[in-house]
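Right, one structure below, let's go through it.
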There are 2 protein chains.
Amino acid sequence: MEKPLNIAIVGLGVIGGSFAWALNKQNKYPVRILGIDHDADTIKQALEEGAIDEGEIINEKILQNADLVILTLYPSAIVGFVQTHRDEFKKGAVITDTTGVKGNIVEQILPILPDGVDFIFGHPMAGKESQGFTYADADVFQDANYLLTPIESNKEENLTFLTDLLKTLGFKRVRQVEAHVHDEMIAFVSQLSHVLAVSLINSDQEGRDTAAFVGDTYRELTRVAKINAPLWSELFLHNKNELLTVMDNFETQFYLMKQAIETEDEASLMGLFEEATARRISLEKADSKLQG
Amino acid sequence: MEKPLNIAIVGLGVIGGSFAWALNKQNKYPVRILGIDHDADTIKQALEEGAIDEGEIINEKILQNADLVILTLYPSAIVGFVQTHRDEFKKGAVITDTTGVKGNIVEQILPILPDGVDFIFGHPMAGKESQGFTYADADVFQDANYLLTPIESNKEENLTFLTDLLKTLGFKRVRQVEAHVHDEMIAFVSQLSHVLAVSLINSDQEGRDTAAFVGDTYRELTRVAKINAPLWSELFLHNKNELLTVMDNFETQFYLMKQAIETEDEASLMGLFEEATARRISLEKADSKLQG
């Protein structure tokens, strides 16, 4: 019988827990799932529900035995964790993170990179508005995108292995991009959307019976306004410059629209709508090509 | 056998066509569906597909026979249509419109209101990004909201009849509100969302491989960026003041967020996120109460 792969998940929140469930669900790789979480109740729950095979509140021997370590920690916690445990990782282990910003994290981890391990930085483009192990669910990864931002020292065989494992967990596409491209794109496609959702719902006025009037559009636009405040504050501030740039670009467009309305410039308004329609249609086409 | 109700639909676009299909689908009211559309091909298609029983390119005898007239015309067309045909409506007929702005339209129609008819102004909170009869679909009305903005002269029995008919067509809630409340709320829950979607997608930079990076959030936020340019230009300009007010409120919130990011004020950022989360949770609760 093939020896199982020891996979450690550090941080059993909604993402870490979802990795545990997805690893349990797949049949391609025989695995033993080891969980580390500072919360004893979470470890207890994860063990009882069968998400992990072994659990520790602080690392005792899990990292020493793990062939793959998946760090599902907050940006503020991950650097400290690697620093503290740098001598405990198994020789030849693959380490990966799931942090939603990359440049800043890579920069901080590179100088403290443990010897003899291969750290592949990554970001699953999937998640949930609800936080905590209880909301973990293997299905959130289904057909989602995964971005890896390789560094020079990464071994081709490890990149291949991790890519295949992620696809086995349900991810549809696993792409490799440079860290700065990742951060620019994430600022635009994800962080800016969260800024808009939060600002939109916060701009509602007191005393309005809004719920009685909303349709699908408002519901969709504010879905991500239910947001993990500590996590997203960190993500925003770790990606400050990129986020401010896309916010500026958004403002420019918002003002064009405002000006057209103020001056009742129907032609300009139509032009903005037509541009948006063309862009959305081309996104849908590209989307269906990528999905197909 | 009960005499069928003659229902005229004026304008067989995606909304008018959807009314036709929904009327065909229901069994409660025996109906005869009469369609008026200036496009001969649309009338031909609607007749051939069985959406309408009778069709005219300009009114010859349809309005004279219609017990109920549903005007599914653009804001710019509706006033002229009522004016032109004011002597052709059947005595005692109920007329209703489906325009997405109300105050401005009511104001223009009141002085030219035909004698002997009961005009009940309304707005189905449902629609599609695609336009034209081909995209008409009875299901778009399923579980959607409908707003009526009654005027003093409306007869209670006609309001009751129209409300019941709309529910028969699939609408879940039919509410009566004042026209100015309607316009303020629509500016916020619908028009502002469209401004954000359009501005967001238009702020994307040339040459980016955006499609490869987008997740559900960006897809949802830009869904309505595919927009009927002539219709929405009219809707925005007919509701100019209300829209500019909610855009100002949005800007205030956007700036609070921007300032917090620029000054790396994590506490303020967290505060904005927590406020947004509380509002979204309360919307979801109200939503499930209303749906339940």
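Can you name every residue in the range B:257-281 that is more than 7 Å from every other protein chain (Cβ to nearest Cβ), within 37 Å of the chain's Cα centre (by Cα) and open to solvent by 50 Å² or more (accessible area, probe 1.4 Å)?
Across the range B:257-281, the qualifying residues are B:Gln259, B:Ala278.
What is the residue count in the range A:235-255 for residues that are crowded, with 19+ Cβ neighbours inside 10 Å, more than 8 Å from every other protein chain (Cβ to nearest Cβ) and in a helix (DSSP H, G or I)?
3
Which members of the range B:208-229 meet the condition of being more than 7 Å from chain A (Cβ to nearest Cβ) and assigned to a helix (DSSP H, G or I)?
Residues satisfying the conditions are B:Asp216, B:Arg219.
Could you tell me whether A:Asn27 is polar (S, T, N, Q) and over 30 Å from A:Ile186 (Cα atoms)?
For A:Asn27, the condition - polar (S, T, N, Q) and over 30 Å from A:Ile186 (Cα atoms) - is met.
Within the set of pairs 6+ apart or on separate chains, which have a first residue in the range A:157-176 that is touching a residue at least 12 places away in the same chain (Cβ under 8 Å), a second that is of a type in the set (Phe, Trp, Tyr) and open to solvent by 40 Å² or more (accessible area, probe 1.4 Å), and C-beta atoms under 8 Å apart?
Every condition considered, the pairs that remain are A:Leu165/A:Tyr29; A:Thr168/A:Tyr29.
For the range B:114-132, what are the residues that are outside any strand (DSSP E or B), at pLDDT below 95 and not hydroxyl-bearing (Ser, Thr, Tyr)?
Within the range B:114-132, B:Pro114, B:Asp115, B:Gly116, B:Ala126, B:Gly127, B:Lys128, B:Glu129, B:Gln131, B:Gly132 meet the criteria.
Within the range B:10-109, which helices (runs of 4 or more DSSP H) (wholly inside it) include 1 or more residues that are surrounded by fewer than 16 Cβ atoms within 10 Å (Cβ to Cβ) and more than 23 Å from the chain's Cα centre (by Cα)?
B:40-49, B:62-65, B:75-84
Given A:Leu169, A:Leu243, A:Leu148, which one is farther than 24 Å from A:Ser76 by Cα and modelled with pLDDT of 95 or more?
Every option except A:Leu169 fails the conditions.
Only one of B:Lys167, B:Lys172, B:Lys226 is in contact with an Asp or Glu (Cβ under 8 Å, 6 or more places away or on another chain), open to solvent by 10 Å² or more (accessible area, probe 1.4 Å) and in the same structural domain as B:Met125 (by TED's automatic domain parsing); which?
Of B:Lys167, B:Lys172, B:Lys226, the one residue that is in contact with an Asp or Glu (Cβ under 8 Å, 6 or more places away or on another chain), open to solvent by 10 Å² or more (accessible area, probe 1.4 Å) and in the same structural domain as B:Met125 (by TED's automatic domain parsing) is B:Lys172.
Within the range B:185-204, how many residues turn out to be facing chain A (nearest Cβ under 7 Å), over 12 Å from A:Leu200 (Cα atoms) and under 19 Å from the mean Cα position of the chain (by Cα)?
The total comes to 2.
The values are calculated or read from the model by the stated rules, or taken from the named source; none is laboratory data. This structure is a prediction, so every number in the text was calculated from the model and none was measured. Reconstructed Cβ throughout: ideal geometry from the backbone, glycine too, with neighbour counts over all protein chains shown. Side chains included, ligands, DNA and RNA excluded: accessible areas come from the protein's heavy atoms. Shrake-Rupley method; radii C 1.70, N 1.55, O 1.52, S 1.80 Å.
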